[in-house]
Amino acid sequence: MVAKELFEEIQNFATCSEEQRYRVVALPNMLHKLGCSEDSFPKFFVVSSDNGSMMHNLNAELLSVEYNMLCNIVEGDEHIDNQRFTIITLRSDNEQLQKMFVDVFIMMLESMSQRPTNMAIASKIESLLSIFSKLKRKPIHKLQGLWAEMLVIEQSKDPVTVARAWHSQPESKYDFTMGKDKLEVKSTSSENRVHRFSLDQLNPSESSRLLVCSIIVRESAKDTNGLSVYDLYDSITMKIADNEVRMHVYDVMIATLGSDFYVARKKYFDYSEACDNLALYEHTDIPKIDKANIPEHVSDVKFCSDLSHLTDARNKNFNREDSTLFYALY
């Protein structure tokens, strides 16, 4: 059962107040449980390996952690008394945040041993708090640009390899980097493929190889072809089994969205049209300003180039056989 289905299952769960008994559902292939508080806050019940260890409880803005708690639970028709859990509660009634919490923390649990130590749990909590802190920051890029980058991963022949190459910092010079090979993704909502570049982007080092991906992205109503960044994320994770890679994709997505996290679920773009017009170009074909022509003491040069007249690299027999990144694209 995926995180989305688990979240839907606990929506009607609540503490049985007369007995202070928590109604829970078991996590697939794990000893841990997922439940809900009287306030409809999602709660993880984690079985640890060191119930006797002394750990300080956490009471953060959105998150509380209670170690080694003696609990009474109901799982299906079975009543289980006096079992110890470390309880992690998200104190927010925001449904989008709750879904994120359930999805991300299940991935974190899957990356740990069956009975993690409380120290290991505390380490994952720090990572979770780091993700929450990013939601307070200003968005780094427009939503359209993030959507286009995620489409490249989703459409690639080898999403694991391409996702691994995705920048850890959204402000990076290139969107995807693997050794000497780079991929820069540009999106536009106009009819023509006119994109804005920095001087350095189209003047890579002599040993580097660079492809530019151009995508025309248009807003859409929600339907089978109108997808949000979260829809793309779901599609990507269906193709990636490695939790470390999935967490990387989620972390980059959240770092880029920042405070737009809450509105991004309601923004949709035309998936079919974007897939149909996705094009790849060799950077040497793109009109650019040569660094040699920039006067001394002039910096931060940016310009727009029209790529509409160029031939797609895939139609030019572009040599990608010795490139892990480019071979993973198509």
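The values are calculated or read from the model by the stated rules, or taken from the named source; none is laboratory data. Just so it is clear, the structure is predicted and the values come from calculations on it, not from any experiment. Using ideal geometry, Cβ is built from the backbone for each residue, glycine included, and neighbour counts are taken over all protein chains shown. Side chains included, ligands, DNA and RNA excluded: accessible areas come from the protein's heavy atoms. Shrake-Rupley method; radii C 1.70, N 1.55, O 1.52, S 1.80 Å.
Below, the figures for the structure above:
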quantity	calculated
Fluctuation leader among Asn293, Asn29, Asn225 - the chain, Gaussian network, Cα springs under 10 angstrom	Asn293
Cβ-Cβ FRET estimate between Thr324 and Val301, R0 fixed at 25 Å, reported to 0.05	0.20
For the range 82-134, size of Cβ-based charge dipole, Lys and Arg +1, Asp and Glu -1, in debye	180 debye
Full-extension gain in nm, Ser133 to Ser168, via 0.36 nm per residue minus C-alpha separation	11.0 nm
Dipole moment magnitude, nearest 20 debye, the chain about Cα centre, only Lys, Arg, Asp, Glu C-beta charged	680 debye
Top positive-direction residue, dipole computed over the range 178-245 with Cβ charges, set Ser220, Ser198, Ile240	Ser198
Solvent exposure, largest accessible area first (probe 1.4 Å, DNA, RNA and ligands not counted), of Ser172, Ser214	Ser172, Ser214
Selection from Leu34, Ala165, Asn293, by position along the positive dipole direction of the chain (Cβ)	Asn293
Partners for Lys157 among lysines (Cα-Cα distance below 17 Å; same-chain residues under 8 apart left out)	Lys182, Lys239
Of His297, His141, His56, the one that fluctuates the most in a GNM where the chain has Cα springs shorter than 10 Å	His297
Taking the convex hull of Cα positions in the range 261-330, its mean projected area over all directions (nm²)	8.6 nm²
Over the chain: helical MRE at 222 nm, DSSP H runs n ≥ 4 each giving -39500 (n - 2.57), nearest 500	-9000 deg cm²/dmol
Under 12 Å from the Lys291 label point (7 Å along Cα→beta-carbon), backbone N, the range 186-219	199-208
Highest-fluctuation residue, Lys43, Lys173, Lys302 considered, GNM on the chain with Cα pairs under 10 Å	Lys302
